[in-house]
Structure formats: structure tokens, C-alpha cells
Amino acid sequence: MTFKTKLLLITILPLIAVSVLIGAATYYQSRELINTQTQAVDQRILSYKRQEIRNYVSLALTSIEQIYKEEPGGREAAQQKVKEILQNLTFDYDGYFFVYTLDGTNLVHPKLPKLVGGNWWDLQDDNGDFVIRNLIEAAKKGGGFHQYVWHKPSTGTVEEKLGYAILLEKWGWMLGTGLYTDDIAREVTAIRTDFARSIRQTLFVTFMITLAAIVIAGFLIAGVRFSEQRFADSKLKELTNRIFQVQEQERKRVSTELHDSISQLLVSVRYGVEMIHSEANREPELQSQAAKCLKTLDGTIAEVRRISRDLRPSVLDDMGLAAALGSLGKEFQNQSGIIVNVEAEQCHSRLSEGAKTALYRVVQECMTNVARHAHASEVAISLKVGAQQLVLSVEDNGVGLPRPLPKSGGLGFRNMRERIETYGGRLTLSRRASGGTRIKVQMPLDNAAAKAA
């Protein structure tokens, strides 16, 4: 696992865990709040309905109170009069009063007249509740509520109903009424729906905040990583440039030592051997041996000069980049037999010494690659100096690049690119349409130096 991945996990995983815990806690607390609130609403509405029912019963008792107490025209006439009053005493569409005797016989029922005269002591609702029996029992205890399911006139369906019954003890009647509570269920459902919607919105907002935090953290980590990578790249380029400079300095020193010291010593030795060769006329064997030594010394001197030139060509320092490229092309052609065409313009002082060296080394590396890998018969080196930049290209007619193109390394491409990028240039590697390879370098020129010149 990479450091970047570890940093990402260390940053984001706790954030995700905290967000999940917050979401879970929010959901749990919200559910608890929903239950608490809906229960409170349910109890509040039931309390309101109980009070409302008591008010209706009080109204009914007020309507029949005088008749019930005085029984004008006798009990039977008074009871008939009370039945008529209760039959017509309704509220809303589903509110009415009913009367049963204590044995379960119905005396008054405005909405279900078919029940009148029947004994409903053993009547059960859809839940198995003995409705009339329990209402009578509540009335005997001084009046009370009883909840059951009953036919609702306005809808024709069976709904929950909260009934209330009192006892008219003198006549042995149970007087009752009630209100349907299906509206409570609807209101509670609506409240639950609203709360559930709020919970979903809260969880969605939490999720979006978490997602935004993760994205921001990712961008910050990527930014830090990118900044660190750029810093590391800059330091690496500085180190690479320093290494190249040290290499060139060391090559120049060794080249100077070979040219000025070793080469001169070898030349001095050659003079001595040449003198021996000229004085050994009377000793054919000694003269032959001296001739062999002269030949060996000539080869050694040439090899030392070649090594010195490869390490640091003096023509680059003395005559400039264009002359150095021409010399390099001629020498390569003489050694390999591959035709080299050089067209180079003078850049004078518009390039630093380091940039000139970098361009020369790139061409030198290209020629080495051509000799080793290209199987080419011709190479073209072009150096063109424009107003703003210099363009160097090296093209051959060889076998071309391998497929796929190497992204880094291989054929010294990475080293060449790093050399050029050190001086703000750009190096590209491509295939020629007619076959072979093209390496192109674009490097900015120092315009201030050109104006001064």
C-alpha cells in the first residue's frame, strides 16, 4: 500500500465512520422522537375527544333532565318523549346517541334503526369485543369510556370508535354516544410521514456534507501530494543538473589532462623512438622493432586524442556548437561508414555553455544509438536558430523505434530529456513517415544576449 493511499485512508475513513455514526444516531433519535411525538398527539387528541364526548352527553342530559326527573304523563310517556328527543339529537354526520336497557335491548339508534327492539347483549365487533356488554358495564361503574370498532355512517366502513356510556338508573337505561377515531390515525400517519421526510432530508444533508468533506479532503491530499511531488521533482532536477555539471567538469579536466599531459608525453616518447629508428641503419632487427613501436605509438596517440575529444571536444569550447556538431558528424561518418549530413547555424552567445553542452551530448547519444540499434545508412543533423528558440533535430533512415514507444529509459531517452529540460527545453521522440527515427529538441534562446550583441 502506497503512502498516498495510507494518507487517504487515514484521513477519509474516520470521516466516513463519524458520518455513519452521526447518521445512525440521528436516525435512532428521530425514530424515538417520532414515537414520542405521535403518542403525545394521540393522547392529546383522545383527551380532546373524551372532553368533547362528555360535553355532548352533558348536552343530552340537559335536554332530557326535566322529563327524566318529573316524568310528566307517567313513566311510559316520559320515556317515549326522551326517546324522541335522543333520536333527533345528533351532531355532525356521524354523531348520535343510543340507548340500551341493562339486558342489552336497543331502544334508540338514529343511524341503525334495524337494531331497535333487538337484544344485542352478545354482539361482538370485528376484534371480538363484546361492545354492548362492556358499555353497560362502564355505565354501571358511574360512566366510562370504551373503545371498539363500529359501522361509520358517512363512509359505510368499520372504524375505530371511542364510546362513552352513563347509567339512567331510575329507568334502568344505558345512555351512550361516541366519536370515531380514524382521524387520529390519519393525523398520526401524516405526522409520521412528515417526520420521516425530515429524517430523510437530514440524512441526505449529512451524506452530502460527508461527500463534500471527502472530496475536499481528497483534493487537499492530492494538492499536498502534487506539491510534494513538484518539490521533489525540482530537487531531483537540480541534483541531476548538478551531476551533469560535475560530470562535464570532470570530463573537461580528464580531457585536458589527456590532451596536455598524456598526449604530450606520448609524442615525446615517439620522438625518441623515431630517433632510434633513424640511427639503427646498421641493425635491421632493431630498426624493425622501432618501426613497430612507432606504429603502436601513433595508434595510441590517436586513441588518446579520440578519448579526449569524446570526453570534452575542444572545438565546442573554441569554435561553438555548430562547428562541434560538424566535427562530430565527420568523425562518426569516418568511423561507422554511415553518411552524416550536418546543417547547423551559429547561435553565438544566445545559449549558455551548459545548454550547448547538453545539446552536443544529446546528438552524441543519438549517434551512439544509431550505430548500435538503427541499422541506418544515413543521418541528418539540423540546427536552426530562430528569433525565440533553437530547434535541433536528428533523423535517421533506420529500422525505427520499437512498438510501443518507450515512455522512459531505453536508448538513453530519459537522460537526454532530463538534460534538455534542465535548460527549459523540450525533447520529443517520434517515428518518421518514411521510416526511421526523429529526435527533436526545442530550446528557448536568450534574446537579451542577442540584443546586446
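The values are calculated or read from the model by the stated rules, or taken from the named source; none is laboratory data. Everything quoted here is computed from the prediction, not taken from an experiment. When we count neighbours, we look across all protein chains shown, and the Cβ atoms used for this are built from the backbone with ideal geometry, even at glycine. For accessibility, only protein heavy atoms count, side chains too; no ligands or nucleic acids. Shrake-Rupley method; radii C 1.70, N 1.55, O 1.52, S 1.80 Å.
Brief remarks on what is shown
- Share of carbon and sulfur in the accessible heavy-atom surface of the chain [1.4 Å probe, %]: 55 percent
- Eligible aspartates and glutamates near Lys152 by straight Cα distance, threshold 15 Å, same-chain separation 8 or greater: Asp92, Asp94, Asp125, Asp126, Glu160, Asp182, Asp183
- Taking amide H as placed 1.01 Å from N in the peptide plane, Val379 has its amide H under 5 Å from the amide H of Ile339, Val340, Asn341, each at least 5 places away in sequence or on another chain.
- With all projection directions averaged, the alpha carbon convex hull of region 82-176 covers 5.7 nm².
- Placed amide H near Gly400: partners under 5 Å, 5+ positions off or other chain: Gly436, Thr437
- When the listed pairs Lys295/Lys356; Lys49/Lys81; Lys83/Lys161; Lys49/Lys114; Lys6/Lys235 are checked against a 26 Å cut-off, the alpha-carbon distance exceeds it for Lys295/Lys356; Lys49/Lys81; Lys49/Lys114.
- In Hz, Karplus ³J(HN,Hα) per residue of region 82-94 (6.51, -1.76, 1.60; θ = phi - 60°; x = Gly, Pro): 5, 4, 5, 5, 5, 5, 9, 8, 10, 9, 6, 8, 9
- Base-10 log of normalised Debye intensity for region 315-386 (one unit scatterer per alpha-carbon) at q = 0.12, 0.13, 0.17, 0.21 Å⁻¹: -0.31, -0.36, -0.60, -0.87
- Contact order for region 190-319, expressed relative to its length and based on alpha carbon pairs under 8 Å spaced 6+ residues apart, stands at 26 percent.
- Neighbour-limited loop hits for GluC sites (Glu not before Pro), region 326-426 (at most 15 other Cβ within 10 Å; DSSP other than H, G, I, E, B): Glu345
- Three principal axis lengths of region 297-435 [C-alpha, angstrom, descending]: 47, 35, 25
- Acute angle (nearest 10 degrees) that the helix 3-70 long axis makes with the longest principal axis of the chain, alpha-carbon atoms: 10 degrees
- Normalised contact order of the chain, rounded percent, pairs of Cα under 8 Å and 6 or more residues apart: 9 percent
- Legend: P(r) of region 1-130 from all alpha carbon pair distances, 10 Å bins from 0, whole percents, reading 10, 21, 22, 12, 9, 8, 7, 6, 4, 2, 0.
- Residues whose placed amide H lies under 5 Å from that of Ala344, excluding near-sequence neighbours: Leu383
- Between Ala371 and Val246, the simple label model (points 7 Å from Cα in the Cβ direction) yields a spacing of 2.8 nm.
- Cα-based reach from Lys330 at 14 Å (exclusive), listing aspartates and glutamates while leaving out same-chain residues under 8 positions away: Asp310, Glu343, Glu378
- Accessible surface area normalised per residue over the chain is 58 Å², counting heavy atoms of protein chains with a 1.4 Å rolling probe.
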